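Just below is one structure, and these are the notes that go with it.
The values are calculated or read from the model by the stated rules, or taken from the named source; none is laboratory data. The structure presented is a predicted model; accordingly, all values stated were derived computationally and were not measured. No Cβ is skipped: glycine too gets one built from the backbone with ideal geometry, and neighbour counts run over all protein chains shown. These area figures cover heavy atoms from the full protein model, side chains too; ligands, DNA and RNA do not enter into them. Shrake-Rupley method; radii C 1.70, N 1.55, O 1.52, S 1.80 Å.
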Amino acid sequence: LDIVQIHNATRAMIEDGAITDALADARRRGLVRLLGASVYGEDAAMAVIESGAYTALQVALNVLDQRMMRRVLPVAAAAGVAVVVRSAFLKGALTPKAQWLPEPLAPLRDAAIRARDQLAGGSWDRLPGAAMRFCLSVPGIASVLTGARTIHELDAALAAEDAGPLDAPMLASAAALALDDERLLNPSHWPAP
């Protein structure tokens, strides 16, 4: 296998070492080329990097959730750990679907409207491309998962990649869009539909 990633790795899991040891053994035997871990939160991300056993780290990052950019991305780069981004569209909050977020998520909807206006010229249809381009613009990102379910979504992701990174003024504007509220940024905290 080219890469095996632990899903939802925690600091306790990494520090325990049992899973890491088993994966490292598979790598030594030539069954796995690279080891990775998908994490939620900075603490788990730092544990993965600090372990020295992983070459890839998957984190949530998007124009509204820039928390991993502060500490995790620089430390990962210094350690030679590739960062794979998921949640570029924040489970639809950075797409036209944001218009219909329920009232408890009104602050997230308002943030999506600000992102739409600042990065996509007020166009809901252009917001996903701008959100993808933001992720592709962040230094230290090796890959961005698109989660494409249709050919149209795949074509849109490829068009965003072709458009290239956001320019410096747009990136500065994007920095001001960051939120810090875990209840808004982690979909597991969102109310049930």
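Using only the alpha-carbon atoms, how far is helix 127-137 inclined from the longest principal axis of the chain? Give it as 0 to 90 degrees, nearest 10. Value to nearest ten degrees: 40. Taking Rg and Dmax of the Cα atoms in Å as calculated from this structure, the corresponding entry among (i) 17.1, 60; (ii) 17.3, 53; (iii) 21.4, 73 is (ii). Rolling a 1.4 Å probe over the protein heavy atoms gives the stretch 79-159 an accessible area of 49 Å² per residue. Highest mean packing comes first when the peptides 145-158, 84-97 are listed by Cβ atoms within 10 Å, giving 84-97, 145-158. Looking at the stretch 99-193, the chymotrypsin sites (Phe, Trp or Tyr not before Pro) that sit in a DSSP loop and have at most 16 other Cβ atoms within 10 Å of their own Cβ are TRP124. Label point of HIS7 set 7 angstrom out along Cα-Cβ; within the stretch 164-193, amide nitrogens under 17 Å from it belong to 187-188. Does anything in the stretch 87-124 have its amide N under 19 Å from the 7 Å Cα→Cβ label point of ARG183, and if so which residues? Backbone N within reach: 93, 101-112. With the simple model of a label 7 Å out from the Cα in the direction of the Cβ, ASP43 to THR55 spans 3.0 nm.
First compute the accessible area of the chain with a 1.4 Å probe, then give the percent of it belonging to carbon and sulfur atoms. The value for the chain is 57 percent carbon and sulfur by accessible area.
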